[in-house]
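In what follows, a structure is listed as structure tokens, so that the remarks can point back to it.
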Amino acid sequence: MTLRMYADRKAWPLERVTVTLAHDKIHAQDCADCETREGRIDRITRQLAIAGALSPEQRAKLLEIADKCPVHRTLTGEVSIVTEMVGEGADPGAKG
């Protein structure tokens, strides 16, 4: 969606974007770019297929923009998950 909005704003001839994701776990020591050095980490491999009469420069810019989409930024940033019990009988101040 981010690529579509960017291409539309620039009036680029983007016809279609197909994103394919694969997920696996790897040993942290096998990841040269990772801060974590022990245990296993999640690795997501993303493949982009961009259709349209775009120049190599436009394609490169779209690849750059793909890393700025909200989902990518969430997955690559620090994530904190807070779980709260809700509903009947829940302690409103309890967090897990």
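The values are calculated or read from the model by the stated rules, or taken from the named source; none is laboratory data. Only a predicted model underlies this, so the values are computations on that prediction, with no experimental measurement involved. Note that each Cβ is placed from the backbone with ideal geometry, even for glycine, and that neighbours are counted across all protein chains shown. Please note that ligands, DNA and RNA were not included when accessible areas were found on the heavy atoms of the full protein model with its side chains. Shrake-Rupley method; radii C 1.70, N 1.55, O 1.52, S 1.80 Å.
Observations on the model:
- Cα gyration tensor shape for the stretch 1-43, rounded if a/c is under 1.5, else prolate or oblate: prolate
- Per-selection Rg to Rh, the chain - Cα, Kirkwood hydrodynamic radius: 1.15
- Neighbour cut-off at most 13 other Cβ (10 Å), DSSP loop, trypsin sites (Lys or Arg not before Pro), the stretch 42-96: 68
- Solvent-accessible area per residue for the chain (1.4 angstrom probe, square angstrom): 82
- Carbon plus sulfur fraction of accessible area for the chain, probe 1.4 Å, in percent: 53
- Ellipsoid semi-axes in whole angstrom, largest first, where each is sqrt(5λ) of the Cα gyration tensor of the stretch 48-95: 44, 11, 5
- Candidates 22, 32, 49, ranked by Gaussian network fluctuation over the chain, Cα under 10 Å, top entry: 32
- Summed residue charge, Cβ within 12 Å of residue 42's Cβ, Lys/Arg positive, Asp/Glu negative: +2
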